[in-house]
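Enquirer: Before we start, here is the structure in question, set down as structure tokens.
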Amino acid sequence: MIGFIIAGLVIGALARLIKPGRQNLGLLATLLLGIVGSIIGGVIASLLGTGNIWELNILGFIVAVVAAVLLIGVAEGAAGRRRITR
């Protein structure tokens, strides 16, 4: 479980480094987006037959980072819509 949290932090931090621009996300949001990204990456990697969702593999890690980058974009879009409507 602790490894899963650390992997989520690493994946979330890498996604924030890859995503251009400034993100208004705190540590908790980075952690949550990284964990969700790692779950998505693990599921896709296991569907492709590269291993179990709980195993660390290269394909799962790459897909997790890409998923986290996309999730950051979605989170920014949702936050932007809330600011515009107020």
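Every number in this text was worked out from the coordinates using simple rules, so none of it is lab data. These figures come from a predicted structure and were not determined experimentally.
Enquirer: If each DSSP helix of 4+ residues adds -39,500 (n - 2.57) and the sum is divided by the residues in the chain, what number results at 222 nm, nearest 500 deg cm²/dmol?
Expert: Details: 3 runs with 66 residues, N = 86.
Helices in the chain give a 222 nm mean residue ellipticity of -27000 deg cm²/dmol.
Enquirer: Let me ask you something else. For the chain, what number results from the quotient of the Cα radius of gyration and 2.2 N^0.38 Å? Each step should come with its number before you reach the end.
Expert: Values: Rg = 13.5 Å, N = 86, 2.2 N^0.38 = 12.0 Å.
Here the answer is 1.13, to two decimals.
Enquirer: Turning to a different aspect of this structure: Angle, helix 2-18 long axis vs. longest principal axis of the chain, Cα atoms, 0 to 90°, nearest 10?
Expert: Once rounded, the angle reads 50 degrees.
Enquirer: A further question follows. Given the options A15, A64, A75, state which has the largest fluctuation in a GNM of the chain using a 10 Å cut-off (strictly under) for Cα springs.
Expert: Result for the chain, Cα springs under 10 Å: A75 fluctuates most.
Enquirer: Once you've got the GNM for the chain with C-alpha springs shorter than 10 Å, pick whichever of V43, V74, V66 has the biggest mean-square fluctuation.
Expert: Looking only at V43, V74, V66, the largest GNM fluctuation is found for V74.
Enquirer: Below 8 Å between Cα atoms, with a sequence gap of 6+, how large is the relative contact order for the chain in percent? Present the calculation step by step, with values, prior to reporting the outcome.
Expert: On the way: 112 pairs, mean separation 27.6, N = 86.
Once divided by the residue count of the chain, the mean separation gives 32 percent.
Enquirer: Moving on to the next point. Looking at the chain as a GNM with Cα springs under 10 Å, which of A45, A13, A29 has the largest mean-square fluctuation?
Expert: It is A29.
Enquirer: Here's a follow-up. Could you calculate the contour length gain from A75 to E55, that is, 0.36 nm times the residue separation minus the distance between their Cα atoms, to one decimal place in nm? All intermediate terms of the calculation are to be shown ahead of the outcome.
Expert: On the way: separation 20, 0.36 × 20 = 7.20 nm, distance 2.71 nm.
Separation in residues times 0.36 nm, less the Cα-Cα distance, equals 4.5 nm.
Enquirer: Give me the angle, in degrees from 0 to 90, between the Cα long axis of helix 27-47 and the longest principal axis of the Cα atoms of the chain, rounded to the nearest 10.
Expert: Between the helix axis and the principal axis of the chain, the angle is about 40 degrees.
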